[in-house]
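Chemist: Okay, handing you the structure first.
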Amino acid sequence: MSSHFLQSYLRRLPAVEKLLQSAVLEEVQAHFPRAVLVKEVQDTIEEKREMIRQAGSEAELEPLDFSTEFIAAEVLQRVKEKTALNLRPVINATGVLLHTNLGRAPLPRAAIQAIQEVGASFSNLEFSLMTGKRSSRFEHLEGLICQVTGAEAALVVNNNAGAVFLALNTLAAGKEVIVSRGELVEIGGSFRIPEVMAKSGAQLVEVGTTNKCHPRDYREALGENTALFLKVHTSNYKIMGFTTAVPLRSLVKLAKEYQVPVLEDLGSGVLVDLSRYGLPHEPTVQESVSAGADLVMFSGDKLLGGPQAGFIVGKKRYVEMIKNNQLARALRVDKFALAGLEATLRLYLDEKTALREIPILRMLTTSTEDLEQRAARLLEKISPLLHEGFQVGLLREKARVGGGSLPLVALPSCQVFIEPHHMNAGAFAAKLRKAKRPIIARVRKDRVLLDLRSVLEQEDDQLLSSLESVI
Ligand SMILES: *Cc1c(COP(=O)(O)O)cnc(C)c1O
C-alpha cells in the first residue's frame with residue numbers, strides 16, 4: 001500500500017490521552033487500576049498500528065472503525081476481561097449434580113454466611129472463650145459430628161484422600177493392610193488405593209478375586225504383621241453378576257476375633273437414607289458406625305453437601321492416635337471449611353431442613369414435575385429471544401449424580417434443548433461458556449441441552465440472562 005494512505009490511516013488513530021479521556025473510559029476510571037487501563041489503551045493502539053502496516057490494500061482498512069468511541073469500547077471490553085477473576089461461578093446445566101470439574105457440592109446458605117463471618121474477622125479458631133487459653137481447632141466440630149453420626153470421636157482433615165492416607169499412616173505404617181481385590185478403587189485418576197497405601201507406608205495385602213471375596217479369604221491372609229482390615233466403598237463403579245462381598249458387619253465380627261481394627265473408606269459420606277426418597281440405598285455413615293467399624297472416612301463435599309473436607313469418625317482411641325500424628329498438621333482443615341462444615345452439619349439435626357437447605361440433597365430429591373415446570377417457564381422466555389436460526393424444545397433425558405457417587409443412578413430429569421442452524425452445537429456450547437456467568441451445557445449431536453436438575457433454582461433468571469447475552 002502506498003505510504004501516503006498508510007500515513008493517513010495511522011494519523012487517524014486516537015492518541016492515548018484522548019482515549020483515556022473518552023466518555024466510555026472516563027466513566028470507568030474509578031473501577032479499574034489506572035495502570036491496567038493505560039496498558040490496554042497502549043496495547044490496543046499498537047495492535048491497530050500493526051494492522052494498518054500489515055494491510056495489503058486500502059479496501060481492507062476502509063470498513064474498519066477507527067473512531068475514539070469505537071476503540072474506547074474495545075479497550076473497555078479488554079480491561080473487563082483482564083480484571084475478571086479466573087475462578088468464578090458458573091451455571092451447571094450438564095445434568096451431572098456433583099461435577100468434580102465444577103467444584104462438586106454448592107454450599108447451603110448457612111454455610112456461606114458462616115464462612116463469610118469467620119473470614120471477615122478474627123475468630124476463636126484455636127482459642128477457648130471459656131478459659132482464655134489456647135484450644136484445638138478440632139473441638140468446634142467433634143461433638144456435632146458425633147451427634148449426627150453416632151460415633152464416639154471425630155477428626156476432620158483437608159479431604160477424604162488425606163483422611164484415608166492419615167488413618168493408614170497412623171495405624172498401619174510398616175504393617176499389612178488386608179483389602180478385597182474387588183475394592184481396589186481409583187477415584188478421579190489420582191486417588192488409587194494401592195498407591196495411597198504405599199505412600200502411607202502400609203503394605204497392601206489383596207484377598208479374594210475381582211468379583212468374589214469370602215470371610216475365609218480375610219482369615220487366611222491374617223498374620224503376625226496384620227495392622228487392620230480396610231473396606232472401601234466402590235463408590236464410582238459396581239461389580240455385577242455373580243458377586244460376593246463380605247459385609248461390614250461380618251468383617252467386624254471376624255476382626256474382633258483377631259483383635260484388629262476395621263476401617264472403612266466410605267467415599268461419599270451420605271448422612272440421610274436416600275432410599276426413603278425414591279433413590280437406591282447408599283450406605284450411610286451412621287450404618288457403618290453402628291455396624292461397628294472402628295473408623296469411617298468420607299468426604300465433606302460429595303453427598304454430604306458441604307465444603308471440601310475429609311472426615312474420620314469412630315473409636316476414640318484410634319481418633320486420638322491420628323490427632324497425634326505429625327502429618328495431621330500437614331493435612332489440617334482450614335477455618336473456612338470448618339465454619340462451613342459446622343453450619344452444614346447443623347442442618348442435619350432436622351432431616352427436613354437438611355433436604356430443603358442443602359443444595360445437593362435438594363437437587364437429588366426435587367420432583368420431576370418441578371423440573372418440568374421450571375423448564376417450561378424457561379422455554380417460554382427463551383423462545384421469543386431466539387431468531388429463526390434456532391429450534392428449541394423440551395427433552396426428558398436422565399441426569400447423573402457424578403463426583404464418583406451413585407454411579408448407576410439415572411435420575412429422571414428435564415432439559416431445554418437448543419439446536420442452532422447457523423453453527424454447530426459445539427460452537428454454540430462454547431459461546432455459552434463465554435457468557436459473563438458461563439453456562440456449562442451438555443452437547444448431544446446437533447443440540448445443546450440445558451438440564452434443569454443440576455441448575456440451582458435461584459439461578460434460573462441468571463441462566464436466562466446469560467443465554468440472552470450470547471444469542
Ligand atoms: C471420593 C473418594 C475418595 C477421595 O475423596 P476426596 O474427598 O476427593 O479426597 C476416596 N475414596 C472413595 C471411595 C471416594 O469415593
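The values are calculated or read from the model by the stated rules, or taken from the named source; none is laboratory data. Predicted model only: the values in this text are computed from it and were never measured. With ideal geometry, Cβ positions are generated from the backbone for all residues, glycine too; neighbour counts draw on all protein chains shown. Areas reflect the complete protein model, heavy atoms only, side chains present, ligands, DNA and RNA absent. Shrake-Rupley method; radii C 1.70, N 1.55, O 1.52, S 1.80 Å.
Chemist: Determine whether L230 is within 24 Å of the chain's Cα centre (by Cα), in the same structural domain as G269 (by TED's automatic domain parsing) and either closer than 28 Å to G402 by Cα or not aliphatic (A, V, I, L, M) (or both).
Modeler: No; evaluated as a whole, the condition is false for this residue.
Chemist: It is to be established whether one or more residues within the range 197-213 are surrounded by 14 or more Cβ atoms within 10 Å (Cβ to Cβ), among the acidic types (D, E) and in the same structural domain as A255 (by TED's automatic domain parsing).
Modeler: yes
Chemist: Oh, and also: Select, from S135, S121, the only residue that is without any contact (Cβ under 8 Å) to a residue 24 or more places away in the chain, surrounded by 15 or more Cβ atoms within 10 Å (Cβ to Cβ) and of a type in the set (G, A, S).
Modeler: The match here is S135.
Chemist: Can you tell me which residue is most open to solvent (accessible area, probe 1.4 Å) among those in the range 69-118 that are part of a strand (DSSP E or B) and of a type in the set (A, V, I, L, M, F, W, C)?
Modeler: So the residue we want is V96.
Chemist: Read through the list (1) closer than 27 Å to P215 by Cα; (2) open to solvent by 50 Å² or more (accessible area, probe 1.4 Å); (3) at pLDDT below 95, then give the number of the only condition that G150 fails.
Modeler: (3)
Chemist: Could we say that F428 is at pLDDT 95 or above, out of contact with any Phe, Trp or Tyr (no Cβ under 7 Å at 6 or more places or on another chain) and outside any helix (DSSP H, G or I) here?
Modeler: no
Chemist: Just to be sure I understand the filter: pairs with C-beta atoms under 6 Å, separated by 6 or more residues or on different chains, first member in the range 372-400 and touching a residue at least 40 places away in the same chain (Cβ under 8 Å), second member open to solvent by less than 60 Å² (accessible area, probe 1.4 Å) and among the basic types (K, R). Which pairs pass?
Modeler: A399/R453
Chemist: Can you pull out the residues in the range 244-256 that are more than 14 Å from D294 (Cβ to Cβ), open to solvent by 60 Å² or more (accessible area, probe 1.4 Å) and either within 16 Å of the ligand (Cβ to nearest atom) or in contact with a helix residue (DSSP H, G or I) (Cβ under 9 Å, 6 or more places away or on another chain) (or both)?
Modeler: Within the range 244-256, A245 is the sole residue that qualifies.
Chemist: Okay, next question. Mind checking which helices (runs of 4 or more DSSP H) fall wholly inside the range 276-342 and carry at least 3 residues that are of a type in the set (D, E, K, R)?
Modeler: Once the helices (runs of 4 or more DSSP H) in the range 276-342 are filtered for at least 3 residues that are of a type in the set (D, E, K, R), what remains is 316-323.
Chemist: Could you say which residue among V164, V177, V157, V196 is farther than 27 Å from G306 by Cα and within 15 Å of the ligand (Cβ to nearest atom)?
Modeler: One residue alone meets the criteria, V177.
Chemist: Based on this model, can you work out whether E342 counts as modelled with pLDDT of 95 or more and either assigned by TED's automatic domain parsing to the domain that holds S121 or over 29 Å from A255 (Cβ atoms) (or both)?
Modeler: It is true that E342 is modelled with pLDDT of 95 or more and either assigned by TED's automatic domain parsing to the domain that holds S121 or over 29 Å from A255 (Cβ atoms) (or both).
Chemist: Okay, moving on. Return the only residue of S413, S469 being among the hydroxyl-bearing types (S, T, Y) and open to solvent by 50 Å² or more (accessible area, probe 1.4 Å).
Modeler: S469
Yes or no, residue by residue, for (1) surrounded by 19 or more Cβ atoms within 10 Å (Cβ to Cβ); (2) of a type in the set (A, V, I, L, M); (3) within 20 Å of the chain's Cα centre (by Cα):
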{"position": "V270", "(1), (2), (3)": "yes, yes, yes"}
{"position": "P283", "(1), (2), (3)": "yes, no, no"}
{"position": "Q286", "(1), (2), (3)": "no, no, no"}
{"position": "E320", "(1), (2), (3)": "no, no, no"}
{"position": "N324", "(1), (2), (3)": "no, no, no"}
{"position": "L338", "(1), (2), (3)": "yes, yes, yes"}
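Chemist: If you check N169 against the conditions, is it in contact (Cβ under 8 Å) with a residue 60 or more places away in the chain, open to solvent by 50 Å² or more (accessible area, probe 1.4 Å) and within 16 Å of the ligand (Cβ to nearest atom)?
Modeler: no
Chemist: Evaluate the following for S128: is it more than 16 Å from the ligand (Cβ to nearest atom), more than 22 Å from the chain's Cα centre (by Cα), open to solvent by 50 Å² or more (accessible area, probe 1.4 Å) and modelled with pLDDT of 95 or more?
Modeler: Spelling it out, it is not the case that S128 is more than 16 Å from the ligand (Cβ to nearest atom), more than 22 Å from the chain's Cα centre (by Cα), open to solvent by 50 Å² or more (accessible area, probe 1.4 Å) and modelled with pLDDT of 95 or more.
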